[in-house]
Every structure is written in structure tokens, then in C-alpha cells.
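The values are calculated or read from the model by the stated rules, or taken from the named source; none is laboratory data. If you're wondering where the values come from, they're calculated on a predicted model, not measured in any experiment. Note: ideal-geometry Cβ built from the backbone for every residue, glycine included; neighbour counts use all protein chains shown.
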């Protein structure tokens, strides 16, 4: 079932929480695209963001920001990765032993200006690289390209990790990786697994054909949940795995077109929270809550932000900082002709409606 025909006025009238009632804050200015926020074992919230360029630019890098007071205030950004080419599209997670794993892609093939590609086919995405921190993100190891992921697609397309890196109870680490193949496969979303703390990856499993950016979450009942963005239309579908990510149910569409991409977390009360970018006016960030991760009601969105002036916005990522209280990070660009200067990462701390 899809919800494309629902009028936004109906949705807004039915929302259980509205942006006008919430306090938003600007975390960064001039940087801050595509945040991925994770909870740290010391109680901090750590988020990786894109700096140095807008969507496209050879000077792209990966910066970090931190909150030590449950999202009320944030540090100034500092740089985790800044190589010769465009470091972009991060995924991040903290493992049980405290190690933070940060994965990303490197794009090259820019023209002399460093601001555009001569053609779409000239883009080069040189694998998935990994860096590690054992001091809560202060310092990072040297980047290493994963050989298995690179050989899976090399010379056949483009690659990118996405969202939160998660860990199963047995220590296995899962990461969502999507590809844009040059042949008829086009967009495909996979999950890769690591049995050595994120150092090496393998055993790719197809999550969805003609799907790309995918948020994943491990639920306390052992299921793994995935929210996949469609190649066409840009809507979200939910799939689940009951065998630690080895097989997946058929994706079921949940959101309308131009409502993407998603971040998933399980709340302390057991419900599942999905936040996503809303690129239909009024634009911003919406959230849905499911009792079980299987059934979703898109007629009662939680409107977390609705003041984005254009569709260059969203990519929200959430952390529950205490029971029933969530901090959600997202980005928006105020002036498309003045990016990245007019871009910002933002945060809203909000209370989840009761059951």
C-alpha cells in the first residue's frame, strides 16, 4: 500500500507532534550535510557530517561534532578524514568493546574546477574505506580500503556505505552498502558482515533491487530491520531478517515518494522509531513510530522540522538520550545558489509521544 495520494493537509492535521512546538538549534554552519549520529558508551552523542563541499566537490571531507549534554549543546566540528580526493557518504557505529568504526567512499574523476564531473560515467568511487577510533572519536587510524567490497563491484559501478553500523549479539558487525551498477541492475542495496570488528567484510546479501540508501537496526528480539530508499520515486520500504541478516523479507512500501532516506532505532520502551527527510512541501523531517517494526501508520507523522525552503534537506539521524527523549540531527540548505555556505546541520531534542 502506498500513500502518495494523501494530501499533506490531512497528514499535518493528524500529526501527534508538530515542528512549531519544538526547539531547534543550529549545530554547524557552512558544513553539516548527511549526519550520522550514534550514542557512545560514555553517554555522549557523536555525529559525522560532510564538510568542505556541498553534494559534489573534490574538497569534501568528514567532520565530527559531539554533544556531552544529551543534545543541548554541541562542540565545534573537527576533522576525522580529509584526503586528496572527495571523502564522502559516511556510515558509523560503536562496537561493544568501545571501538568506533567509520566507513566512507572516496570519489574522484572531477574536472579541473574540482566542482563537477565531466559526465556521470566519469565518476570514480574507489571502494569503501574504514578508519577506527578507540578514544571516542578524538583520533583515528589510517584509512584502509576493504578488498572484498571493492572486488564485488570494481569497474562495474559505484559504491557507498550508509547509516548506522550495527552489531549483533554474537559480535558480528553489519553494514549497509549500496551500489549503482553500470548495467541493467542499476541501484542495489546489500548488507555486508564482519567477524573481526569491522576490519574486513564479506558475505554480501541482497537487501533490495533498485534500492539504495538503507538504514538498519538490530532489535532486542533478534530481528534486523531495514528501511530502503527506492531508486525511482524516492520512497521508503521496510524489510526484516529473522536470521541475523542472511535472508530478508520482501520490502513493503511505507512512505510516499520524496520521503527519504531513513534512520531506524529501537526505543527503550520497545517501539521502533523511523525518521526520514520530507521533500514534499512543507519540507523538513518527519518521524513514524511502530509498535513492532512491521506495521506503520503514515497518516499520523511526527513533524520534527517543516521550514526547509527547498528539497536539499533532511537525512535525519536519531539517538535516544534518555527514556522517551530523542535528539535528531538533520541538515538543510537555505540558498541553493550559495552552497555550502548556506548549509547547516541542525538538531532537535524532543519527547516521544506515549504508547
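Within the stretch 84-105, which residues are farther than 21 Å from residue 174 by Cβ and exposed (fewer than 14 other Cβ atoms within 10 Å of the Cβ)?
Correct list: 84 only.
Only residues that are in contact (Cβ under 8 Å) with a residue 40 or more places away in the chain and over 30 Å from residue 222 (Cβ atoms): list them for the stretch 159-190, please.
182, 186
Give the residues of the stretch 156-168 that are out of contact with any helix residue (DSSP H, G or I) (no Cβ under 9 Å at 6 or more places or on another chain) and not in a loop (DSSP other than H, G, I, E, B), sorted by residue number.
Once the filter is applied, which keeps residues that are out of contact with any helix residue (DSSP H, G or I) (no Cβ under 9 Å at 6 or more places or on another chain) and not in a loop (DSSP other than H, G, I, E, B), the stretch 156-168 yields 157, 158, 160, 162, 163, 164, 165, 166, 167.
Among the listed residues 215, 222, 198, which satisfies the condition of being assigned to a loop (DSSP other than H, G, I, E, B) and either in contact with a strand residue (DSSP E or B) (Cβ under 6 Å, 6 or more places away or on another chain) or at pLDDT below 95 (or both)?
198
Could you say whether any residue in the stretch 102-114 is free of Cβ contacts under 8 Å to residues at least 60 places away in the same chain, within 20 Å of residue 315 (Cα to Cα) and assigned to a loop (DSSP other than H, G, I, E, B)?
no
Of the residues that make up the stretch 127-141, is at least one at pLDDT below 95 and outside any strand (DSSP E or B)?
There is no residue in the stretch 127-141 that is at pLDDT below 95 and outside any strand (DSSP E or B).
For residue 231, indicate whether it is surrounded by fewer than 21 Cβ atoms within 10 Å (Cβ to Cβ) and in contact (Cβ under 8 Å) with a residue 24 or more places away in the chain.
Yes: the conditions hold for residue 231.
If we scan the stretch 147-155, do we find a residue that is modelled with pLDDT under 95, in a loop (DSSP other than H, G, I, E, B) and farther than 19 Å from residue 60 by Cα?
Within the stretch 147-155, one or more residues are modelled with pLDDT under 95, in a loop (DSSP other than H, G, I, E, B) and farther than 19 Å from residue 60 by Cα.
Of all residues in the stretch 37-62, which are under 14 Å from residue 101 (Cα atoms) and either in contact with a helix residue (DSSP H, G or I) (Cβ under 9 Å, 6 or more places away or on another chain) or outside any loop (DSSP other than H, G, I, E, B) (or both)?
37, 38, 39, 46, 47, 48, 62
Can we say residue 312 is more than 15 Å from residue 235 (Cβ to Cβ), touching a helix residue (DSSP H, G or I) at 6+ places or on another chain (Cβ under 9 Å) and surrounded by 21 or more Cβ atoms within 10 Å (Cβ to Cβ)?
yes
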